[in-house]
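J.: Mind having a look at this structure? Questions to follow.
Values quoted throughout were computed directly from the atomic coordinates according to the rules given, and no laboratory measurement underlies them. Just so it is clear, the model here is predicted, and its values are computed rather than measured. Glycine gets a Cβ as well: all are built from the backbone with ideal geometry, and neighbour counts include every protein chain shown.
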Amino acid sequence: MPEKLLHIKNMVCPRCIMAVQDILEKKATEGVEILKVDLGIARINAPDTFTATSIQDELQSIGFELLQDPEEQLTENIRINILKFLKLNEEGSLHLTLSGFLTDALHKNYTALSKHFTRQTGQTIENFYIHAKVERVKELLQDSQMNASQIADKLNYSSVHYLSGQFKKVTGVSISEYKNLVKNSRTPLDKI
């Protein structure tokens, strides 16, 4: 059976991986064998009769999209690797810049990646990263007992003042105003 690579948009967490695996496991009766599912990609063995479009409706019903266009696939790979960088940077297991990380992960020149991403999404890689980081700040403010200083340390901001300024620039409110809002609005990572 030939190996097939499915590119899937909007996968942002381990639950997304499990959801895609569940869909693919239902195709086992059609001879589909799951080799690996990771953020944005599912690697499967499947008979020639299997077409990726046969799972497209199921993926869309849970918020995913099957990507056929190589340009869209690259854009999604950049987005996923930015989110990976954010997570690894938070864990303190990285000693690379975002540009270095993307260059290493995608084996492409950063300038080319940056131009591609901006052309496809209308925003820069750096802007996407800042917005993703601010969404993580919101998550930590809502789900933990951490204060702004602790969050700044955890997310490797140079100072709490820099975090506060960036937060206000992106959200339009200060961190303390955000904490006092009745409904803290967060943007899902797949909608940034």
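J.: What distance in nm separates the two pseudo spin-label positions at SER158 and GLU139, each 7 Å out from Cα along the beta-carbon direction?
T.: 2.6 nm
J.: At a 10 Å Cβ-Cβ cut-off, how would you order VAL173, VAL12, fewest neighbours first?
T.: Ascending Cβ contact count within 10 Å gives the list VAL173, VAL12.
J.: Now a separate question. Taking the chain as the reference, fit the longest principal axis to its C-alpha atoms, fit the long axis of helix 160-171 to the helix C-alpha atoms, and give the angle between the two in degrees, 0 to 90, nearest 10.
T.: Value to nearest ten degrees: 60.
J.: Additional query: Explain nothing, just the number: relative contact order of the range 47-167, from Cα pairs under 8 Å at least 6 residues apart, as a whole percent. Spell out each step's value before the answer.
T.: Numbers: 70 pairs, mean separation 22.6, N = 121.
After rounding, I find 19 percent.
J.: Something else now. At a Förster distance of 30 Å, what's the computed FRET efficiency of THR121 paired with LEU96, Cβ-Cβ distance as r, to 0.05?
T.: That pair, THR121 with LEU96, gives E of 0.85.
J.: Quick check: the angle from helix 110-121's long axis to the longest principal axis of the chain, C-alpha only, nearest 10 degrees?
T.: 80 degrees
J.: With angles folded into 0 to 90 degrees, how steeply does helix 14-25 sit against the dominant principal axis of the chain? Use alpha carbons for both and round to 10.
T.: Helix 14-25 sits roughly 10 degrees off the main axis of the chain.
J.: What FRET efficiency do you get for ASP48 and GLN21 if R0 is 35 Å and r is their Cβ-Cβ distance, rounded to the nearest 0.05?
T.: Calculated transfer efficiency: 0.95.
J.: Quick one, which of [x] 18.3; [y] 16.2; [z] 17.0 is the actual Kirkwood radius over Cα pairs in Å calculated for this model?
T.: [x]
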